[in-house]
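Asks: To start, I am sharing the structure in question, which I have written as structure tokens.
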Amino acid sequence: MFISVLMPLYNSEKYIGDAIESVLCQTHKDFELLVIDDGSTDNSNKIVSQFKDSRIKLYCRTHSGLIDGLNYGLSVAQGQAIARFDNDDICLNDRLENQIGFLNNHPEIGVVAGGACIIDENGRMKNNVNMPEKHDDIAYGLESFFNPVIHPAVMIRKDILVSIGGYRDNFQAAEDYDLWLRLLRTGVRFENLPYPVIKLRKHDKNMSMVQLENSTRSCFLALLEHFFWKHNGFEAASLGGDQYKNFMIQALDMVQDTGLIEAWCWRAAIKDNLKTDHLKTIFNICRSLFDKNKRHIILNRSKKIISTMETMAKHIEFDRKL
């Protein structure tokens, strides 16, 4: 299979050169690198243009956001496999070879990702992160408000990505989590390679407070839709207006019954070390998802979420006193 490496770009002059170099140095050579520039205002475009390699295709567009850029890249991709990659990360040299080899040898798998070496803004190693390997464990994680598929480390068969309509623009900062859940609903199988395939850069520009709010809101909605489908057998995205609000209320009941919200809250507190003000933000988002005119109904159904959020805040404050 021919590979299209899909790399969105926006104002990343500090890292884009190293990112491209890591793709060009792959042991697997049969690919195109699609760089989708979202109206950068720094020197990112000039840096990309300095690479004289026919496999690089630079598309300069007016600023329209990450999701629109990803869908555009998908529309122009020539490959049968899409390898997502971010403009501030590093591909390990054998990433494409290992992932395309895995897909070729496992036709039942539609999405393959892997672990990551976490690096800081200067490229210094911090730690390695490996994700659950097998499909059932990945599916369990996705349905537990946890994302065990590292987006910039993923390779997807293009036909299944196109058949599901690509990324949805109403799931800002969580477009990958929404996509994985929708693919799961269509029967697509996942697998993570048991070793790192990229160096994932963590720096102060990764996610702002606004993006955290958007991500939490989008993840919550995506999981609500998923549980509604799981228990009722159809996609809630086809609903509108009051029907969609009613869907969210019903889905919240289902999620609470499984205890998954509480499980996610504790995981977030321990794994991500969320600050107390972040928890308050998440709590406010959960409340703002619903119609204010039905506040009394929502408060009754949200009692468990509220209690868990308060417990999380106390838990984190207690830990920081130790």
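Asks: So L6 ticks every box in (1) in contact with an Asp or Glu (Cβ under 9 Å, 6 or more places away or on another chain); (2) buried (at least 22 other Cβ atoms within 10 Å of the Cβ) but one. Which box is left unticked?
Replies: Result: L6 passes all but (1).
Asks: Of the residues G17, G73, G79, only one is within 26 Å of K202 (Cβ to Cβ) and in contact (Cβ under 8 Å) with a residue 40 or more places away in the chain; which?
Replies: One residue alone meets the criteria, G73.
No lab work stands behind these numbers, since they all come straight from the coordinates. Given the structure is predicted, the values throughout are model-derived calculations rather than measurements. Virtual Cβ from ideal backbone geometry, glycine too; neighbours counted across all protein chains shown.
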